[in-house]
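Structure first, then comments.
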């Protein structure tokens, strides 16, 4: 099946990036969020991203106008359900995702493929709550979506081959690279990345190093572009904690126990860049370590 229209649910950090890359690649995009203001903010952010591409001479004004014209705000799920491909990019809470797919059910076209951009939740379990598990997959983009080249494709136990092949082709049309991951907690990238971040937080918690020394050590000692604590702030500490809980609950191994300091930061509302405080304080413009 040739996919041309895409419905995206969730206009936050991931949803607006997904909308941008699909529209840039020529797909027709419907963007929905429970907050209409979030959709407006997302389109404004996309416009700003495209302006930066123009300044770098990677895009023309005409291409920007064409890209933005393909992104249409949607005030409900009915129109979203009629698209060829639905991408759920809502917050990483399983009950919310189930509510979204239940709300979509009466409006789905026979051919519509359902996907979730979840970074850790079981695709099989999400799919089983729908009436079309064969046409359900994980489509996990990396953050920031316009920059990162990888997309994880995760099949549930019931996902059929035509669905997988269709999404593999979609990723190619986006100019990105796909990897196939089995449906186990956190898939590939976060199964490896999040325990590393969690161990960096333990290293801070136990006083082995400061925020600055830990991040500098990994950047200069392991050639990482960002230190693990800086990266955690960028991802969102609440998201990091959520994924660690999924790993700990799903695999029942103590090596995935979330660091108590990570829990404490989340309890304090210090979630990283999005709340202006995490392992760094961003309120004055220049990041300052908080420990």
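Annotation: the residues 101, 279, 164, sorted from fewest to most other C-beta atoms within 10 Å of their own C-beta, follow the order 164, 101, 279. Projection of the Cα convex hull of the range 107-173, averaged over all directions and equal to a quarter of that hull's surface, yields 4.8 nm². Our helix-only sum for the chain, with -39,500 (n - 2.57) per DSSP H run of n ≥ 4 divided by its residues, gives a mean residue ellipticity at 222 nm of -14000 deg cm²/dmol. Quick one: Debye curve from the alpha-carbon atoms of the range 112-219 only, equal weights, vacuum; give me log10 I(q)/I(0) at q = 0.09, 0.12, 0.19 Å⁻¹ to two decimals. Values returned for q = 0.09, 0.12, 0.19 Å⁻¹ are -0.31, -0.50, -0.91.
Highest GNM mean-square fluctuation among 190, 198, 223, for the chain modelled with Cα contacts below 10 Å: 223.
Put in line by how crowded their Cβ is, counting other Cβ atoms within 10 Å and starting with the fewest, 199, 88 read 199, 88.
Taking 1.567 mPa s as the viscosity and 4 °C as the temperature, the Stokes-Einstein diffusion coefficient of the range 191-289 based on its alpha-carbon Kirkwood radius rounds to 97 µm²/s. Once the gyration tensor of the Cα atoms in the range 219-259 is diagonalised, the equivalent ellipsoid follows with semi-axes of 23, 13, 6 Å, ordered largest first. The spread of Cα positions in the range 1-62, taken along each principal axis and listed from longest to shortest, comes to 34, 33, 17 Å. The Kirkwood radius of the range 93-143, taken over pairs of alpha-carbon atoms, gives through the Stokes-Einstein law at 37 °C and 0.692 mPa s a diffusion coefficient of 292 µm² s⁻¹. How would the range 49-198 be classified by its alpha-carbon gyration tensor: rounded, prolate or oblate, with rounded meaning a/c under 1.5 and the a/b versus b/c comparison settling the rest? Oblate shape, in that a/c is at least 1.5 and b/c is the bigger or equal ratio. Bridges between two residues of the chain, per DSSP, are antiparallel at a rate of about 25%. Summary value for the range 151-269: 23 percent relative contact order, contacts being C-alpha pairs under 8 angstrom separated by 6+ residues. Counting only Cα atoms, the size of the range 168-239 along its three principal axes is 47, 25, 20 Å, in decreasing order.
Gyration tensor over the Cα atoms of the chain: the corresponding equivalent ellipsoid has semi-axes (square roots of 5 times the eigenvalues, largest first) of 32, 24, 17 Å. Based on the reciprocal of the average 1/r between different C-alpha atoms, the Kirkwood radius for the range 43-114 equals 14.4 Å.
Entry note, the chain: relative contact order of 13 percent, from Cα contacts under 8 Å with a spacing of 6+ residues.
Its relative contact order, with pairs defined as Cα atoms under 8 Å and 6+ residues apart, puts the range 224-266 at 36 percent.
All of the numbers you see were taken from the coordinates with simple rules; none came from a lab. Remember, predicted model here, so these are calculated numbers, not experimental data. Quick reminder, even Gly has a Cβ in these numbers, built from the backbone with ideal geometry, and neighbours come from all protein chains shown.
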